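These notes concern the structure reproduced below.
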Amino acid sequence: MQSSPAPPLALTASGSNTVSINGNATVNLSAPTSDTYSGVLFYGDRTGTAAQSTFNGTADSLLTGAIYFPKQQVNYLGNFSGVNGCTQVIADTIQRSGNSTINQDCSSLGMKNIPAAGCGGRMT
């Protein structure tokens, strides 16, 4: 049985809610391309409390859109691979360890580049 692709969606969190993708997970999510949350895949509350969202393990995922967690630490740990998607991260802190990879060049999708703070580089 083959499933049809899910429509684009924006996942919003209030307070200290978090996202956690772990283990051998395969997750395919895309941000909407119009309306209020156009280009935003995960949206965290600006007035929320400090928390951590984690993309971890050997998860092989296709995440397309911005991750906006201004009060959170976003962790890319282990062998997480989001290289086939396109993810831009806005967070209080970004921690990367192990062999985790994400593709941050979203120009082919009409999104502008967001340079990494303090170094002008990208997590490609």
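The values are calculated or read from the model by the stated rules, or taken from the named source; none is laboratory data. These numbers were taken from a predicted model, which means no experiment stands behind them. We place every Cβ from the backbone using ideal geometry, glycine too, and count neighbours over all the protein chains shown.
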Filtered residues of segment 24-44 (kept if at negative phi, part of a loop (DSSP other than H, G, I, E, B) and under 15 Å from the mean Cα position of the chain (by Cα)): ALA25, THR26, VAL27, ALA31, PRO32, TYR37, SER38
Residues that are farther than 13 Å from THR64 by Cβ and either touching a Leu at 6+ places or on another chain (Cβ under 9 Å) or in a loop (DSSP other than H, G, I, E, B) (or both), drawn from segment 95-113: GLN95, ARG96, SER97, GLY98, ASN99, SER100, LYS112, ASN113
Residues that are part of a loop (DSSP other than H, G, I, E, B) and either of a type outside the set (Lys, Arg) or touching a residue at least 60 places away in the same chain (Cβ under 8 Å) (or both), drawn from segment 45-75: ASP45, THR47, GLY48, THR49, ALA50, ASN56, GLY57, THR58, ALA59, SER61
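Can you confirm whether SER108 is modelled with pLDDT under 85, buried (at least 17 other Cβ atoms within 10 Å of the Cβ), among the polar types (S, T, N, Q) and over 12 Å from the mean Cα position of the chain (by Cα)? Please lay out each step first, then the result.
On the way: modelled with pLDDT under 85: yes; buried (at least 17 other Cβ atoms within 10 Å of the Cβ): no; among the polar types (S, T, N, Q): yes; over 12 Å from the mean Cα position of the chain (by Cα): yes.
No.
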Residue ID - modelled with the highest pLDDT, chosen from residues in segment 78-94 that are buried (at least 17 other Cβ atoms within 10 Å of the Cβ) and not in a strand (DSSP E or B): GLY78
Residue list for segment 50-66, filter: under 15 Å from VAL83 (Cβ atoms) and among the β-branched types (Val, Ile, Thr): THR58, THR64
The one condition in (1) crowded, with 20+ Cβ neighbours inside 10 Å; (2) modelled with pLDDT of 75 or more that GLN52 fails to fulfil: (1)
